[in-house]
Amino acid sequence: MLQQTQVKTVLPYYDRFLKTFPDVFKLAEAEEATLMQHWEGLGYYRRARSMHAAAKRIVEDHDGVFPSDFDEVLALPGIGRYTAGAILSISGDQRFPVLEGNTQRVFSRWVALRRPPTETQSTKLLWQIAESMLPPKKGSGLFNQAAMELGALVCTPKNPNCGECPVRKHCAAHRFGKEAEIPGKLAKIKYESRREYAFVVREAGAGDDEPPRYLMRALPEGVRWSGLWDFPRTIERSIDSVEEAAVEVSVSLNQPLQIGEPLTRIKHAVTKYRIELQVHHADLPSPSASQNHDSESPWKFVTAKEMKKLPLSVTGRKIAKLLD
DNA sequence: AATACGGGGTG
DNA sequence: CACCCAGTATT
(Lines give C-alpha, C1' and ligand atoms only; values in the text may rest on other atoms or scores of the structure.)
Protein backbone atom coordinates (compact mmCIF):
# COMPACT_ATOMS: atom_id res chain seq x y z
CA MET A 1 0.00 0.00 0.00
CA LEU A 2 2.83 2.34 0.79
CA GLN A 3 4.40 2.10 -2.67
CA GLN A 4 4.25 5.63 -4.10
CA THR A 5 1.62 6.54 -1.53
CA GLN A 6 1.99 8.68 1.55
CA VAL A 7 1.66 7.08 4.96
CA LYS A 8 -1.14 9.44 5.92
CA THR A 9 -3.16 8.37 2.90
CA VAL A 10 -2.65 4.69 3.59
CA LEU A 11 -3.56 4.58 7.30
CA PRO A 12 -7.35 4.31 7.08
CA TYR A 13 -7.11 1.80 4.25
CA TYR A 14 -4.63 -0.29 6.18
CA ASP A 15 -6.82 -0.55 9.26
CA ARG A 16 -9.89 -1.58 7.27
CA PHE A 17 -7.85 -3.97 5.19
CA LEU A 18 -6.47 -5.85 8.18
CA LYS A 19 -9.90 -6.19 9.71
CA THR A 20 -11.25 -7.75 6.53
CA PHE A 21 -8.21 -9.85 5.70
CA PRO A 22 -6.63 -10.71 9.08
CA ASP A 23 -4.30 -13.37 7.67
CA VAL A 24 -2.79 -14.56 4.41
CA PHE A 25 -5.38 -17.34 4.00
CA LYS A 26 -8.29 -14.90 4.17
CA LEU A 27 -6.54 -12.72 1.64
CA ALA A 28 -5.74 -15.60 -0.69
CA GLU A 29 -9.29 -16.94 -0.74
CA ALA A 30 -10.97 -13.54 -1.10
CA GLU A 31 -12.72 -12.51 -4.30
CA GLU A 32 -10.70 -10.03 -6.27
CA ALA A 33 -13.68 -7.67 -6.28
CA THR A 34 -13.67 -7.63 -2.47
CA LEU A 35 -10.01 -6.75 -2.50
CA MET A 36 -10.55 -3.98 -5.03
CA GLN A 37 -13.44 -2.64 -2.97
CA HIS A 38 -11.04 -2.09 -0.08
CA TRP A 39 -8.48 -0.54 -2.43
CA GLU A 40 -10.90 1.88 -4.09
CA GLY A 41 -9.43 5.37 -4.18
CA LEU A 42 -5.87 4.33 -3.33
CA GLY A 43 -4.73 4.15 -6.94
CA TYR A 44 -2.12 1.91 -8.57
CA TYR A 45 -4.63 -0.90 -8.49
CA ARG A 46 -2.20 -3.44 -9.84
CA ARG A 47 -0.72 -3.42 -6.35
CA ALA A 48 -3.90 -4.99 -5.00
CA ARG A 49 -3.95 -7.65 -7.71
CA SER A 50 -0.27 -8.38 -7.14
CA MET A 51 -0.80 -8.68 -3.42
CA HIS A 52 -3.65 -11.10 -4.03
CA ALA A 53 -1.46 -13.20 -6.32
CA ALA A 54 1.35 -13.08 -3.76
CA ALA A 55 -0.99 -14.27 -1.00
CA LYS A 56 -2.06 -17.20 -3.14
CA ARG A 57 1.52 -18.10 -3.85
CA ILE A 58 2.45 -17.89 -0.17
CA VAL A 59 -0.36 -20.30 0.64
CA GLU A 60 0.48 -22.65 -2.23
CA ASP A 61 4.27 -22.59 -2.25
CA HIS A 62 5.19 -21.57 1.30
CA ASP A 63 2.53 -23.31 3.41
CA GLY A 64 1.01 -19.95 4.31
CA VAL A 65 4.19 -18.67 5.93
CA PHE A 66 5.74 -15.49 4.55
CA PRO A 67 9.22 -16.37 3.23
CA SER A 68 12.27 -15.02 5.00
CA ASP A 69 14.69 -15.52 2.13
CA PHE A 70 15.39 -12.35 0.16
CA ASP A 71 15.21 -13.94 -3.28
CA GLU A 72 11.98 -15.72 -2.46
CA VAL A 73 10.43 -12.47 -1.23
CA LEU A 74 11.70 -10.63 -4.30
CA ALA A 75 10.11 -13.27 -6.52
CA LEU A 76 6.63 -12.47 -5.20
CA PRO A 77 4.51 -10.35 -7.53
CA GLY A 78 4.50 -6.64 -6.77
CA ILE A 79 7.59 -6.84 -4.57
CA GLY A 80 10.78 -5.23 -5.81
CA ARG A 81 14.11 -4.61 -4.17
CA TYR A 82 12.81 -1.82 -1.95
CA THR A 83 9.79 -3.71 -0.61
CA ALA A 84 11.73 -6.94 -0.08
CA GLY A 85 14.39 -5.05 1.86
CA ALA A 86 11.81 -3.15 3.90
CA ILE A 87 9.90 -6.30 4.83
CA LEU A 88 12.92 -8.35 5.83
CA SER A 89 14.79 -5.60 7.64
CA ILE A 90 11.79 -4.37 9.58
CA SER A 91 10.12 -7.70 10.34
CA GLY A 92 13.21 -9.82 11.00
CA ASP A 93 15.99 -7.26 11.31
CA GLN A 94 17.80 -8.80 8.36
CA ARG A 95 20.56 -6.61 6.98
CA PHE A 96 19.10 -5.22 3.77
CA PRO A 97 19.01 -1.57 2.71
CA VAL A 98 16.02 0.36 1.40
CA LEU A 99 15.95 3.00 -1.31
CA GLU A 100 12.72 4.85 -2.01
CA GLY A 101 11.56 8.45 -2.29
CA ASN A 102 12.71 9.48 1.15
CA THR A 103 16.07 7.77 1.36
CA GLN A 104 16.86 8.74 -2.23
CA ARG A 105 16.63 12.36 -1.14
CA VAL A 106 18.30 11.88 2.26
CA PHE A 107 21.33 10.07 0.87
CA SER A 108 21.56 12.36 -2.15
CA ARG A 109 21.92 15.28 0.23
CA TRP A 110 24.16 13.33 2.56
CA VAL A 111 26.81 12.98 -0.15
CA ALA A 112 25.81 16.12 -2.10
CA LEU A 113 25.05 14.07 -5.20
CA ARG A 114 25.02 16.37 -8.24
CA ARG A 115 23.14 14.16 -10.63
CA PRO A 116 19.41 13.44 -10.45
CA PRO A 117 18.89 10.43 -8.16
CA THR A 118 16.83 8.55 -10.75
CA GLU A 119 19.67 8.16 -13.23
CA THR A 120 20.99 4.64 -13.46
CA GLN A 121 24.43 5.51 -12.11
CA SER A 122 22.92 7.53 -9.26
CA THR A 123 20.60 4.74 -8.28
CA LYS A 124 23.45 2.27 -8.18
CA LEU A 125 25.51 4.60 -6.02
CA LEU A 126 22.61 5.37 -3.68
CA TRP A 127 21.94 1.67 -3.09
CA GLN A 128 25.60 1.25 -2.22
CA ILE A 129 25.44 4.15 0.22
CA ALA A 130 22.24 2.82 1.78
CA GLU A 131 23.90 -0.56 2.21
CA SER A 132 27.14 0.84 3.58
CA MET A 133 25.38 2.91 6.21
CA LEU A 134 23.50 0.01 7.76
CA PRO A 135 24.67 -0.95 11.23
CA PRO A 136 27.05 -3.91 10.88
CA LYS A 137 24.92 -6.42 12.79
CA LYS A 138 21.64 -5.57 14.48
CA GLY A 139 19.37 -2.61 13.89
CA SER A 140 18.92 -2.46 10.10
CA GLY A 141 15.16 -2.35 10.41
CA LEU A 142 15.29 0.53 12.86
CA PHE A 143 17.91 2.33 10.78
CA ASN A 144 15.88 1.99 7.59
CA GLN A 145 12.75 3.30 9.22
CA ALA A 146 14.67 6.16 10.82
CA ALA A 147 16.20 7.14 7.48
CA MET A 148 12.80 7.15 5.79
CA GLU A 149 11.24 9.04 8.67
CA LEU A 150 14.01 11.62 8.52
CA GLY A 151 13.19 12.17 4.86
CA ALA A 152 9.47 12.38 5.49
CA LEU A 153 9.61 14.79 8.45
CA VAL A 154 12.88 16.75 8.33
CA CYS A 155 14.77 16.27 5.09
CA THR A 156 11.73 17.23 3.04
CA PRO A 157 11.70 17.94 -0.72
CA LYS A 158 11.11 21.65 -0.22
CA ASN A 159 12.35 23.80 2.66
CA PRO A 160 14.18 21.02 4.50
CA ASN A 161 14.36 21.69 8.20
CA CYS A 162 18.12 21.42 8.58
CA GLY A 163 18.03 23.27 11.90
CA GLU A 164 16.23 20.30 13.43
CA CYS A 165 18.23 17.65 11.66
CA PRO A 166 20.13 15.40 14.06
CA VAL A 167 22.78 14.57 11.46
CA ARG A 168 23.26 17.95 9.78
CA LYS A 169 26.90 18.12 10.90
CA HIS A 170 27.70 15.20 8.65
CA CYS A 171 25.54 16.24 5.69
CA ALA A 172 27.57 17.35 2.67
CA ALA A 173 24.70 19.26 1.07
CA HIS A 174 24.16 21.26 4.24
CA ARG A 175 27.86 21.92 4.64
CA PHE A 176 27.96 23.37 1.13
CA GLY A 177 24.65 25.16 1.58
CA LYS A 178 23.28 23.18 -1.36
CA GLU A 179 20.35 21.45 0.30
CA ALA A 180 17.88 23.39 -1.84
CA GLU A 181 19.50 22.29 -5.13
CA ILE A 182 19.93 18.66 -4.12
CA PRO A 183 18.61 16.23 -5.16
CA GLY A 184 19.09 17.30 -8.76
CA LYS A 185 16.00 18.12 -10.73
CA LEU A 186 14.30 15.28 -12.47
CA ALA A 187 13.50 15.51 -16.14
CA LYS A 188 10.44 17.64 -16.44
CA ILE A 189 7.26 15.68 -16.94
CA LYS A 190 5.52 16.40 -20.20
CA TYR A 191 1.90 16.68 -19.25
CA GLU A 192 -0.70 15.93 -21.85
CA SER A 193 -4.21 17.30 -21.80
CA ARG A 194 -6.96 14.97 -22.83
CA ARG A 195 -10.67 15.15 -23.17
CA GLU A 196 -12.54 11.94 -22.57
CA TYR A 197 -16.24 11.09 -22.40
CA ALA A 198 -18.42 8.95 -20.18
CA PHE A 199 -22.08 8.08 -20.68
CA VAL A 200 -24.78 7.38 -18.16
CA VAL A 201 -27.07 4.92 -19.91
CA ARG A 202 -30.29 4.35 -18.04
CA GLU A 203 -32.06 1.11 -18.77
CA ALA A 204 -35.14 1.64 -20.91
CA GLY A 205 -38.50 0.11 -20.16
CA ALA A 206 -38.11 -0.46 -16.46
CA GLY A 207 -41.27 -0.25 -14.36
CA ASP A 208 -42.05 2.94 -12.45
CA ASP A 209 -41.76 1.20 -9.11
CA GLU A 210 -38.39 -0.30 -9.98
CA PRO A 211 -35.21 1.58 -9.12
CA PRO A 212 -33.45 2.75 -12.29
CA ARG A 213 -30.49 0.73 -13.50
CA TYR A 214 -27.46 1.97 -15.37
CA LEU A 215 -25.03 0.37 -17.74
CA MET A 216 -21.64 -0.54 -16.29
CA ARG A 217 -18.87 -3.07 -16.67
CA ALA A 218 -15.67 -4.18 -15.01
CA LEU A 219 -12.57 -2.96 -16.83
CA PRO A 220 -10.69 -5.86 -18.40
CA GLU A 221 -7.05 -6.80 -17.88
CA GLY A 222 -4.43 -4.54 -19.35
CA VAL A 223 -6.25 -1.21 -19.32
CA ARG A 224 -6.51 1.64 -16.86
CA TRP A 225 -8.53 0.75 -13.76
CA SER A 226 -8.35 -2.92 -14.58
CA GLY A 227 -10.54 -4.76 -12.08
CA LEU A 228 -12.70 -1.74 -11.25
CA TRP A 229 -16.19 -1.06 -12.52
CA ASP A 230 -17.07 2.01 -14.52
CA PHE A 231 -19.66 3.57 -16.77
CA PRO A 232 -19.15 3.35 -20.52
CA ARG A 233 -16.40 5.80 -21.31
CA THR A 234 -13.64 6.52 -23.75
CA ILE A 235 -10.10 5.77 -22.71
CA GLU A 236 -6.59 5.72 -24.15
CA ARG A 237 -6.86 8.78 -26.40
CA SER A 238 -8.22 12.29 -26.47
CA ILE A 239 -11.52 12.78 -28.21
CA ASP A 240 -12.80 16.14 -29.37
CA SER A 241 -16.51 15.69 -29.79
CA VAL A 242 -19.23 13.87 -27.92
CA GLU A 243 -20.46 12.47 -31.24
CA GLU A 244 -17.13 10.83 -31.93
CA ALA A 245 -17.04 9.52 -28.37
CA ALA A 246 -20.51 8.01 -28.79
CA VAL A 247 -19.35 6.16 -31.88
CA GLU A 248 -16.35 4.80 -30.03
CA VAL A 249 -18.45 3.61 -27.12
CA SER A 250 -21.07 2.17 -29.49
CA VAL A 251 -18.44 -0.14 -30.90
CA SER A 252 -17.59 -1.60 -27.52
CA LEU A 253 -21.27 -1.85 -26.64
CA ASN A 254 -21.98 -3.41 -30.00
CA GLN A 255 -25.07 -1.24 -30.42
CA PRO A 256 -25.84 2.37 -31.28
CA LEU A 257 -25.84 5.03 -28.58
CA GLN A 258 -28.10 8.06 -28.55
CA ILE A 259 -26.49 11.07 -26.89
CA GLY A 260 -28.56 12.81 -24.20
CA GLU A 261 -28.15 15.83 -21.95
CA PRO A 262 -24.77 16.72 -20.43
CA LEU A 263 -24.61 15.67 -16.78
CA THR A 264 -21.31 16.88 -15.38
CA ARG A 265 -17.64 17.53 -16.05
CA ILE A 266 -14.90 15.96 -13.95
CA LYS A 267 -11.24 16.91 -14.01
CA HIS A 268 -8.76 14.32 -12.94
CA ALA A 269 -5.21 13.19 -13.57
CA VAL A 270 -3.76 9.83 -14.45
CA THR A 271 0.03 9.89 -14.31
CA LYS A 272 1.06 12.35 -17.00
CA TYR A 273 -2.43 12.89 -18.38
CA ARG A 274 -4.67 15.71 -17.30
CA ILE A 275 -8.11 14.56 -18.21
CA GLU A 276 -11.29 16.51 -18.53
CA LEU A 277 -14.06 13.94 -18.45
CA GLN A 278 -17.31 15.07 -20.02
CA VAL A 279 -20.27 13.08 -18.76
CA HIS A 280 -23.49 12.86 -20.75
CA HIS A 281 -26.71 10.98 -20.36
CA ALA A 282 -27.33 8.59 -23.21
CA ASP A 283 -29.86 6.03 -24.41
CA LEU A 284 -29.86 2.76 -26.26
CA PRO A 285 -32.52 3.43 -28.91
CA SER A 286 -33.66 -0.18 -29.29
CA PRO A 287 -34.93 -1.40 -25.90
CA SER A 288 -34.81 -5.03 -26.93
CA ALA A 289 -31.13 -4.74 -27.65
CA SER A 290 -30.51 -3.39 -24.19
CA GLN A 291 -31.94 -6.55 -22.67
CA ASN A 292 -30.61 -9.17 -25.03
CA HIS A 293 -26.90 -8.78 -24.83
CA ASP A 294 -25.11 -12.07 -25.04
CA SER A 295 -23.43 -13.73 -22.09
CA GLU A 296 -20.00 -12.87 -23.46
CA SER A 297 -20.68 -9.19 -22.95
CA PRO A 298 -19.21 -7.64 -19.79
CA TRP A 299 -21.96 -5.01 -19.65
CA LYS A 300 -24.61 -5.10 -16.97
CA PHE A 301 -27.37 -2.84 -15.72
CA VAL A 302 -26.73 -1.84 -12.13
CA THR A 303 -28.82 0.07 -9.58
CA ALA A 304 -27.38 2.91 -7.52
CA LYS A 305 -27.62 0.68 -4.48
CA GLU A 306 -25.63 -2.08 -6.15
CA MET A 307 -22.96 0.42 -7.16
CA LYS A 308 -22.20 1.00 -3.50
CA LYS A 309 -20.93 -2.55 -3.21
CA LEU A 310 -18.87 -2.51 -6.39
CA PRO A 311 -15.30 -1.22 -6.64
CA LEU A 312 -15.45 1.88 -8.84
CA SER A 313 -12.86 4.23 -10.21
CA VAL A 314 -12.90 7.60 -8.46
CA THR A 315 -14.57 9.25 -11.44
CA GLY A 316 -17.05 6.38 -11.63
CA ARG A 317 -17.82 6.91 -7.95
CA LYS A 318 -18.36 10.63 -8.49
CA ILE A 319 -20.83 9.89 -11.25
CA ALA A 320 -22.54 7.22 -9.17
CA LYS A 321 -23.12 9.70 -6.34
CA LEU A 322 -24.98 11.95 -8.75
CA LEU A 323 -27.42 9.15 -9.55
CA ASP A 324 -28.28 8.22 -5.98
C1' DA B 1 16.17 3.63 -20.71
C1' DA B 2 11.50 4.98 -21.06
C1' DT B 3 6.78 4.41 -19.97
C1' DA B 4 2.38 3.12 -17.64
C1' DC B 5 0.13 3.10 -13.64
C1' DG B 6 -3.84 6.95 -9.48
C1' DG B 7 -5.05 9.84 -6.54
C1' DG B 8 -4.30 13.09 -2.99
C1' DG B 9 -1.34 16.45 -0.38
C1' DT B 10 1.44 20.54 -0.50
C1' DG B 11 3.75 24.96 -1.48
C1' DC C 1 -0.35 24.48 -11.34
C1' DA C 2 3.82 21.61 -10.55
C1' DC C 3 5.91 18.43 -7.79
C1' DC C 4 6.03 14.44 -4.86
C1' DC C 5 4.68 10.25 -2.35
C1' DA C 6 7.92 4.25 2.30
C1' DG C 7 7.90 1.64 -6.56
C1' DT C 8 7.05 -2.19 -9.78
C1' DA C 9 6.41 -4.31 -14.14
C1' DT C 10 6.58 -3.97 -18.88
C1' DT C 11 8.15 -2.37 -23.25
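The values are calculated or read from the model by the stated rules, or taken from the named source; none is laboratory data. Computed from a prediction, not measured in an experiment: that's the story for all the values here. Using ideal geometry, Cβ is built from the backbone for each residue, glycine included, and neighbour counts are taken over all protein chains shown.
Annotations
- Within the range A:140-164, residues that are within 13 Å of A:P97 (Cβ to Cβ) have Cβ atoms under 6 Å from residues that are assigned to a helix (DSSP H, G or I) and within 15 Å of DNA strand B (Cβ to nearest atom) in these pairs: A:M148/A:N102, counting only partners at least 6 apart in sequence or on another chain.
- Filter pass, A:G222 being farther than 30 Å from A:E40 by Cα and not charged (D, E, K, R): no
- Odd one out for A:P211 among (1) within 16 Å of DNA strand C (Cβ to nearest atom); (2) in a loop (DSSP other than H, G, I, E, B); (3) on the phi < 0 side of the Ramachandran plot: (1)
- Filter pass, A:V167 being in contact with a Leu (Cβ under 6 Å, 6 or more places away or on another chain) and away from DNA strand C (no atom under 16 Å from the Cβ): no
- For the residues A:G64, A:G85, A:G92, the requirement of being near DNA strand C (Cβ under 9 Å from one of its atoms) and either at pLDDT below 95 or closer than 28 Å to A:Y13 by Cα (or both) singles out A:G85.
- Only helices (runs of 4 or more DSSP H) whose full extent lies in the range A:1-55 are considered here, and the ones with at least 3 residues that are out of contact with any Phe, Trp or Tyr (no Cβ under 8 Å at 6 or more places or on another chain) and more than 15 Å from DNA strand B (Cβ to nearest atom) are A:7-20, A:24-29.
- The range A:202-225 - residue that is more than 21 Å from A:K308 (Cα to Cα) and away from DNA strand B (no atom under 13 Å from the Cβ) and, of those, surrounded by the most Cβ atoms within 10 Å (Cβ to Cβ): A:A204
- Helices (runs of 4 or more DSSP H) lying entirely in the range A:105-191 (those with 2 or more residues that are within 21 Å of A:A84 (Cβ to Cβ)): A:120-132, A:140-153
- Qualifying residue in the range A:260-280 (condition: more than 28 Å from A:G43 (Cα to Cα), part of a strand (DSSP E or B) and not assigned by TED's automatic domain parsing to the domain that holds A:G43): yes
- Residue list for the range A:146-164, restricted to those being more than 14 Å from A:F107 (Cα to Cα), within 12 Å of DNA strand C (Cβ to nearest atom) and not hydrophobic (A, V, I, L, M, F, W, C): A:K158, A:N159
- Long-range neighbours under 7 Å by Cβ, at least six apart or interchain, first residue without any contact (Cβ under 8 Å) to a residue 24 or more places away in the chain within the range A:1-29, second within 16 Å of DNA strand C (Cβ to nearest atom) and not polar (S, T, N, Q): A:L2/A:V10; A:Y14/A:M1
- For the range A:60-82, the condition of being over 28 Å from A:V223 (Cβ atoms), in a helix (DSSP H, G or I) and in contact with a Leu (Cβ under 9 Å, 6 or more places away or on another chain) holds for at least one residue.
- The single condition among (1) within 10 Å of DNA strand C (Cβ to nearest atom); (2) under 26 Å from A:K318 (Cβ atoms); (3) in the same structural domain as A:Q145 (by TED's automatic domain parsing) that A:S50 does not satisfy is (2).
- For the range A:169-200, the candidate set comprises residues that are within 16 Å of A:Q104 (Cβ to Cβ) and among the small types (G, A, S); within that set, the residue that is farthest from the chain's Cα centre (by Cα) is A:A172.
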